[in-house]
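First up is the structure itself, then whatever we jot down about it.
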Amino acid sequence: MTGSDFELEWDALILRLSKQFNVTANYEFILFVMGIQEMGIGFKEFSKTEKMDLINVARCRILLREGYIKETGVDGDGWPIFEPQPNLKSMMPSFQNQLIKKGILNYFKNVEFEN
């Protein structure tokens, strides 16, 4: 996928989710929605901490699929526990961001959300 194809696909996803959820979707909103789906908890009111945790779950699940993180269990509240692999520490933040965006696009090719 070329850079322009990637950006067109990303913009189409932003537009689709903005319409579907009646919001102005952005990177963090998409990760938040993915985190809700990954946790299987449905939409409800979340505290700021819960929102950040859901965003982190989505990021980690993408990095898990790419081999940069290992899931080591679940805590007492039912949240997954992740352990970074050595190759994650040497990853440039811009590469990680691009990797996560590609993971988001792949995720939404296979998942439909209902709000």
Selection from the stretch 1-53 of residues that are in a helix (DSSP H, G or I), under 19 Å from ASP77 (Cβ atoms) and among the aromatic types (Phe, Trp, Tyr): PHE32
Pairs where the first residue, in the stretch 87-112, is part of a helix (DSSP H, G or I) and the second is modelled with pLDDT of 90 or more and hydroxyl-bearing (Ser, Thr, Tyr), C-beta under 9 Å, 6+ apart: ASN87/TYR68; LEU88/TYR68; GLN96/TYR68; ASN97/TYR27; LEU99/TYR68; ILE100/TYR27; LYS101/TYR27; ILE104/TYR27
Filter result (within 23 Å of ASN97 (Cβ to Cβ) and assigned to a strand (DSSP E or B)) within the stretch 54-83: ILE69, LYS70, GLU71, PRO80, PHE82, GLU83
Residues located in the stretch 56-77, provided they are out of contact with any Phe, Trp or Tyr (no Cβ under 8 Å at 6 or more places or on another chain) and free of Cβ contacts under 8 Å to residues at least 12 places away in the same chain: GLY73, VAL74, ASP75, GLY76, ASP77
Residue check for ILE14: surrounded by 12 or more Cβ atoms within 10 Å (Cβ to Cβ) and touching a helix residue (DSSP H, G or I) at 6+ places or on another chain (Cβ under 6 Å): no
Within the stretch 23-50, considering residues that are in contact (Cβ under 8 Å) with a residue 40 or more places away in the chain and of a type outside the set (A, V, I, L, M), the one surrounded by the most Cβ atoms within 10 Å (Cβ to Cβ): GLN37
Residues of the stretch 1-17 classified as of a type in the set (Val, Ile, Thr) and modelled with pLDDT of 90 or more, total: 1
Test: residue in the stretch 85-108 that is among the β-branched types (Val, Ile, Thr), surrounded by 10 or more Cβ atoms within 10 Å (Cβ to Cβ) and touching a strand residue (DSSP E or B) at 6+ places or on another chain (Cβ under 9 Å): no
Some residue of the stretch 69-84 being within 20 Å of ILE104 (Cα to Cα) and of a type in the set (Val, Ile, Thr): yes
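The values are calculated or read from the model by the stated rules, or taken from the named source; none is laboratory data. As the structure is a prediction and not an experimental result, all values here were calculated from the model. Please note: Cβ atoms are built from the backbone with ideal geometry, for glycine as well, and neighbour counts cover all protein chains shown.
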